[in-house]
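Let me begin by presenting the structure, written as structure tokens, before commenting on it.
The values are calculated or read from the model by the stated rules, or taken from the named source; none is laboratory data. This one's a predicted model, so the numbers in the text were calculated from it and none came from an experiment. In this analysis, Cβ positions are derived from the backbone assuming ideal geometry, glycine residues included, and neighbour counts consider all displayed protein chains. These area figures cover heavy atoms from the full protein model, side chains too; ligands, DNA and RNA do not enter into them. Shrake-Rupley method; radii C 1.70, N 1.55, O 1.52, S 1.80 Å.
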Amino acid sequence: MEPLGAVSATALVDRLERPLRDLRISVTDRCNFRCTYCMPKEVFGADYAFLPRSEVLTFEEIERVARVFVSLGVEKLRLTGGEPLVRRDLPALVEMLASIRRPDGQPLDLTLTTNASALRKMAGPLAAAGLGRVTVSLDSLDDAVFGAMNGVDFPVAKVLDGIAAAQAAGLGPVKINMVVRRGINESSVLPMARWARTAGVTLRFIEYMDVGHTNGWRMDDVVPADELVALVDAEMPLVAEPPRYRGEVATRYRHAEGTGEIGLIASVTKPFCGDCTRARLSAEGRFYTCLFTGDGHDLRAVLRDPAAAGALDDAVLREAVAAVWRVRDDRYSEERTEATSTRLPRIEMFAMGG
Ligand code: SF4
């Protein structure tokens, strides 16, 4: 990763001088959980129509798109969903992506975010295929509270088994994402922080966000980052750490006594749009420049354009991506108000790669 603030002369940058460094790839819109802040079951019930297979990008198409983004500056690929591990044969895609090299010949930072429901079984094959790290979503160690957050009463023990399997397979350092929602799981904050230190994982608290338009977001339900830091610091003193690179999402604090650190992803109270270097690719091939946008760019049409079939390189695709990024000026979190949170249209988080 480049040091803070350095952007090479030829780098592709947007209207706010932000380079394109990270691509989040949604490999499916499907998920076996119904997290209240992302895919509430009241809206996404058993009869919800997910994308038909024919509309979802194939592994070969995902690889083509990834190669184009890497040629434009992307250094990190994150596989997401929905829940990526529900996509069949995922290690085959990981192997294809792990073979991609940056223009300077360096390997990519290839990672994945999962609810760990299938991680105990999949950790080994994913690591063998070339995956580097995993991030696991876990919102409580208490089964009742976790069940209230994930909407399907999935047991904590199975997630912990998945985390242990990921550590054993060398997919570390494992990061844990915990969305904190007032009135639901803030009582789990300290137990999670204590556990993370002993489990050797990096816990990141995520401020509850107004993503999509189905989670009923209210500012009152947000537990601000400062409040979370104060809560942990009172019991386990913390020391703020400087960012490691431009675009690092989490603000980091290390434990003053002993090892380990926590992170805060504070999109609501401490927006970080100024350094946002992230692009998103949805399962059906739409390119999004911000988590809160309602407008994407159809790359699948370019991929499946008969006129481009057989073209040796993806010059057309590459120019399509570059043209979108050059005019990007998203900074929603800096503009957010209670009123903008109800602004529509907006794409659901699970449908654009989170
Ligand atoms: S709100 Fe949009 S621009 Fe700002 S950090 Fe999030 S994804 Fe990036």
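With protein chains left intact and a 1.4 Å probe, residues in the range 1-155 average 42 Å² of accessible area per residue. Residue-wise HN-Hα couplings along the range 277-292, as the Karplus relation 6.51 cos²θ - 1.76 cosθ + 1.60 with θ = phi - 60° gives them from phi, are 10, 9, 10, 10, 10, 7, 4, 9, x, 9, 9, 10, 9, 7, 5, 10 Hz; Gly and Pro carry x. Applied to the range 251-258, the Karplus parametrisation 6.51 cos²θ - 1.76 cosθ + 1.60 on θ = phi - 60° returns per-residue 3J(HN,Hα) values of 7, 10, 10, 9, 6, 5, 9, x Hz, with x for Gly and Pro.
Using a probe of 1.4 Å on the protein chains alone, the accessible area found for Cys38 is around 20 Å². For the chain, the longest principal axis of the alpha carbon atoms and the long axis of helix 189-199 meet at an angle near 70°. Taking Glu338, Glu63, Glu75 as the candidate residues, the one with maximal mean-square fluctuation in a Gaussian network model of the chain, Cα springs under 10 Å, is Glu338.
The GNM of the chain, with springs linking C-alpha atoms under 10 angstrom apart, assigns the highest mean-square fluctuation among Val65, Val13, Val152 to Val152. Derived scalar couplings between HN and Hα for the range 208-219 equal 4, 10, 7, 6, x, 8, 10, 8, x, 4, 9, 4 Hz in order, rounded to whole Hz, by the Karplus curve 6.51 cos²θ - 1.76 cosθ + 1.60 (θ = phi - 60°), x for Gly and Pro. Only protein heavy atoms count here; on that basis, with a 1.4 Å probe, Ile100 has an accessible area of about 0 Å².
Which percent of the accessible heavy-atom area of the range 22-352 goes to carbon and sulfur, probe 1.4 angstrom? That fraction is 53 percent. With unit charges on the beta carbon (Lys/Arg positive, Asp/Glu negative), name the residue among Val134, Phe33, Tyr245 whose Cα is farthest towards the positive pole of the charge dipole of the chain. The Cα lying farthest towards the positive end belongs to Val134.
Based on alpha carbons, the Rg and Dmax found for the range 22-352 are 19.4, 63 Å.
What you get for the chain, charging only the Cβ of Lys and Arg (+1) and of Asp and Glu (-1), is a dipole of about 580 debye around the Cα centre. For the range 196-284, the set of trypsin sites (Lys or Arg not before Pro) satisfying both a DSSP loop assignment and a count of at most 16 other C-beta atoms within 10 Å is given as Arg218, Arg244. Within the range 274-298, which residues have the backbone N less than 13 Å from the label spot 7 Å out from Phe50 along Cα→beta-carbon, could you tell me? Flagged as within label range: 283-284.
Adding -39500 (n - 2.57) for every DSSP H run of four residues or longer, then dividing by how many residues the chain holds, sets the calculated 222 nm ellipticity at -8000 deg cm²/dmol. If both residues of a DSSP beta bridge must be in the chain, then about 30% of such bridges are antiparallel. Quick one: if you stick a label point 7 Å off each Cα along the C-beta vector at Ala144 and Ser99, how many nm between them? Taking the two extended label points, one gets 5.2 nm. Given their separation in residues at 0.36 nm each and the Cα-Cα distance between them, Asp161 and Asp221 gain 18.6 nm when the chain is fully extended.
Residues considered: Arg64, Arg24, Arg133. Largest GNM mean-square fluctuation over the chain, using C-alpha springs under 10 Å, is found at Arg64.
Asp295 contributes about 100 Å² of solvent-accessible surface, heavy atoms of the protein only, 1.4 Å probe. Less than 5 angstrom separates the built amide H of Val180 from those of Ile206, Tyr208, all sequence-distant by 5 or more or on a different chain.
Before anything else, pin down the relative contact order of the range 198-354: Cα pairs under 8 Å, at least 6 apart, normalised by residue count, whole percent. Provide the component values of the computation, followed by the final result.
Working: 213 pairs, mean separation 41.6, N = 157.
Relative contact order, the range 198-354: 27 percent.
Close amide H pairs (under 5 Å, H built 1.01 Å from N) link Leu79 with Ile25, Thr111, Leu112, Thr113, residues at least 5 positions away or on another chain. Accessible area per residue (1.4 Å probe, heavy atoms of protein chains only) ranks Arg300, Arg53 as Arg53, Arg300, with the largest value leading.
Which whole-number percent gives the relative contact order of the range 22-352, counting Cα pairs below 8 Å spaced six or more residues apart?
19
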